[in-house]
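Trainee: Pasting in a structure now, in structure tokens, and then I'll have a few things to ask.
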Amino acid sequence: MTEANFTTRALRVVNGLEQAALLDRQGNDDEADTLLQGLREDVGALQTKARAMCNDAASQELIAQRGLRQTLNAIAETRSAEEKAQYSIDKLQAAEDGDEAALDEAVKQGTSYLDKMVDLQAQINELSRQIRENAQRVKDYWWVPGYGLYAAIQSLQDLLGGKEGDLESAIRGYQEIGREVSELTQDTDRLKERLVGLKRQLADLHVSEDELKAQEAALEQQQKSLAVAIVTASTVGSFYDELGVSLRGTKDELDSAYGMADRLADSVEIIGADGRLHPGTLKDALTYLADQADRPPIILQSEYAECTALE
């Protein structure tokens, strides 16, 4: 013979209690007592299952609590890593901005040196031309007294020498600025590369934080649902405990079971499809828990805890 499932057992208990209470009110005490005594096996099985389900829910609640603590710690660590990454990014960004400003200034100085070099070269070319012209005049008119012309050529040569010195100085300055620009460019490129890596790391950390927050929300909801399951199993288990005592006792104790039929209409909170508590009756809670008992259990992992509500 196939053993009845828990839903069938719960319906037999609920219907049996209601029918026994009706028979008792009609004066059919013996028939009512016989009906109640026939519920002992079902009540015993349901009582044991309610306690087991309450213990299971308490165990899973511990696991959810531990997982939530671990997730919160992971979120805190991730945020700390985000702050460190952001600090490094800000520091590198400031360094890059400084290099960029220095690079802009160096480029301006280089342009200034280049303009100066072009101008000096033009002046040198002009002085060279004048010297050549005067030298040609001296060659053509050497026989004409012209000491002043020799002095003019010497003056131009002296001026040319000064301009050539300025040009060499400008070239050295331009070369120095070129080296500075090269170094700043290389340093800026390195900073940009490091910034790209840090920004990618920060983005990954943000994704991890979002995932952890979603996990936190799921664990919080799971913990709430398990707390609700404990309340329901505790309420149902306590009812079966009392009913079991009445069915195993004396005639007077058996009579108390009739009064328990009236409690089936008591208002209690039961779990809805959304996993939250909703107004219902004790009868609803009995049938709900039995239906859950017939479903495959969802075990997070191996853990054990006592459902103290049923102690």
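Trainee: Looking only at the range 226-238, count how many residues are buried (at least 19 other Cβ atoms within 10 Å of the Cβ) and either among the polar types (S, T, N, Q) or free of Cβ contacts under 8 Å to residues at least 24 places away in the same chain (or both).
Mentor: Total satisfying the criteria: 3.
Trainee: Go through (1) over 18 Å from the mean Cα position of the chain (by Cα); (2) over 29 Å from Y288 (Cβ atoms) for K84 and report which single condition fails.
Mentor: All conditions pass for K84, except number (1).
Trainee: Determine whether the range 253-264 contains at least one residue that is farther than 19 Å from V14 by Cβ, modelled with pLDDT under 90 and touching an Asp or Glu at 6+ places or on another chain (Cβ under 7 Å).
Mentor: So far as the range 253-264 goes, no, none of its residues is farther than 19 Å from V14 by Cβ, modelled with pLDDT under 90 and touching an Asp or Glu at 6+ places or on another chain (Cβ under 7 Å).
Trainee: A further question follows. If you go through the range 58-66 one residue at a time, do you hit one that is free of Cβ contacts under 8 Å to residues at least 40 places away in the same chain and among the β-branched types (V, I, T)?
Mentor: no
Trainee: Counting just the residues of the range 1-31 that are among the small types (G, A, S) and farther than 17 Å from R263 by Cβ, which one comes out farthest from the chain's Cα centre (by Cα)?
Mentor: The selected residue is G27.
Trainee: Turning to a different aspect of this structure: Out of (1) over 30 Å from N15 (Cα atoms); (2) among the hydroxyl-bearing types (S, T, Y); (3) surrounded by 13 or more Cβ atoms within 10 Å (Cβ to Cβ), what's the single condition that is false for T48?
Mentor: The one condition T48 does not meet is (1).
Trainee: Let me ask you something else. Here are some conditions: (1) within 30 Å of A265 (Cα to Cα); (2) hydrophobic (A, V, I, L, M, F, W, C); (3) in contact (Cβ under 8 Å) with a residue 60 or more places away in the chain. L219 meets all but one. Which one does it not meet?
Mentor: Every condition holds for L219 apart from (1).
Trainee: Among the residues of the range 51-77, which ones are surrounded by 19 or more Cβ atoms within 10 Å (Cβ to Cβ) and β-branched (V, I, T)?
Mentor: Scanning the range 51-77 gives I63, T71.
The values are calculated or read from the model by the stated rules, or taken from the named source; none is laboratory data. Computed from a predicted structure; not experimentally measured. With ideal geometry, Cβ positions are generated from the backbone for all residues, glycine too; neighbour counts draw on all protein chains shown.
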